[in-house]
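Quick notes on the structure that follows.
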Amino acid sequence: MSYFAPHPSYCISPEAGNHVREFRDMVKALHKAGIEVILDVVFNHTDEGNHQGPVFSFKGIDNSNYYYLSPLDRRYYYDYTGCGNTFNCNHPIGGKIHCRMPEVLGQGNACGRFSFRRSLSAVSWRGWSADAVSACIMADRTG
């Protein structure tokens, strides 16, 4: 799990380890051809899946704070994303990851200049009990 690693299948030679260089070169070539690049960023779930999924990162660090879990049985995840879990942006660190990461992505990173959109961002704006809340409340809590 890495927020800054282009998917290997996007590479010409994934075994060479040139993922970022190849992605950056692709962005440059598309811009040169007059094509805008929009990066679809996903911070509302991780590849750790549900209760049957692997443990790569957040599950092992602090599962109950980084994910929305069912209050009836904390082994099970709320899944508003269709991917097995929903990242808890109300956790102080989780909120900073979700709210600040686009700033990092937008400030001339190693992959070249591009626009981005937050995929399924509405599922991230949930209260501690996973109820939908106002994005303004979330911004105040994490700012």
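Work out, step by step, the length gained on full extension between residue 28 and residue 16: first 0.36 nm times the residue separation, then minus their alpha carbon distance; give nm to one decimal. Walk me through the intermediate numbers first.
On the way: separation 12, 0.36 × 12 = 4.32 nm, distance 2.02 nm.
Result: 2.3 nm gained on full extension.
Principal axis lengths of segment 41-89 from Cα atoms, whole Å, largest first?
31, 21, 20
Starting from the residue with the highest accessible area, list 61, 97 in decreasing order, probe 1.4 Å. Walk me through the intermediate numbers first.
Values: 61 115, 97 30 Å².
I get 61, 97, largest accessible area first.
Quick query: amide H of residue 77 versus all other amide H atoms, modeled in the peptide plane; which residues come in under 5 Å with a sequence gap of 5 or more or a different chain?
For residue 77, the qualifying residues are 51, 70.
Hey, can you grab everything whose amide H is under 5 Å from the amide H of residue 67? Only 5+ residues off in sequence or another chain; H modelled, so Pro and N-termini drop out.
Under 5 Å from the amide H of residue 67 lie the amide H atoms of 88, each far enough along the sequence or on another chain.
So what's the net charge close to residue 18: Lys and Arg +1, Asp and Glu -1, counting the other residues with Cβ under 11 Å from its Cβ?
Details: positive: 21, 24; negative: 15, 22, 25.
Result for the local shell: -1.
Quick one: 3J(HN,Hα) in Hz for segment 31-36, Karplus 6.51/-1.76/1.60 with θ = phi - 60°, rounded, Gly and Pro as x.
Coupling constants for segment 31-36: 4, 4, 7, x, 9, 6 Hz.
What is the spin-label model distance, in nm, from residue 37 to residue 52 if the labels are put 7 Å beyond Cα along the C-beta direction?
Placing both labels 7 Å along Cα→Cβ, they lie 3.7 nm apart.
The values are calculated or read from the model by the stated rules, or taken from the named source; none is laboratory data. No experiment lies behind these values; they were computed from the predicted model shown. Here Cβ is always computed from backbone atoms with ideal geometry, including for glycine, and neighbour counts include all displayed protein chains. Side chains are part of the model used for accessible areas, which takes the heavy atoms of the whole protein and leaves out ligands, DNA and RNA. Shrake-Rupley method; radii C 1.70, N 1.55, O 1.52, S 1.80 Å.
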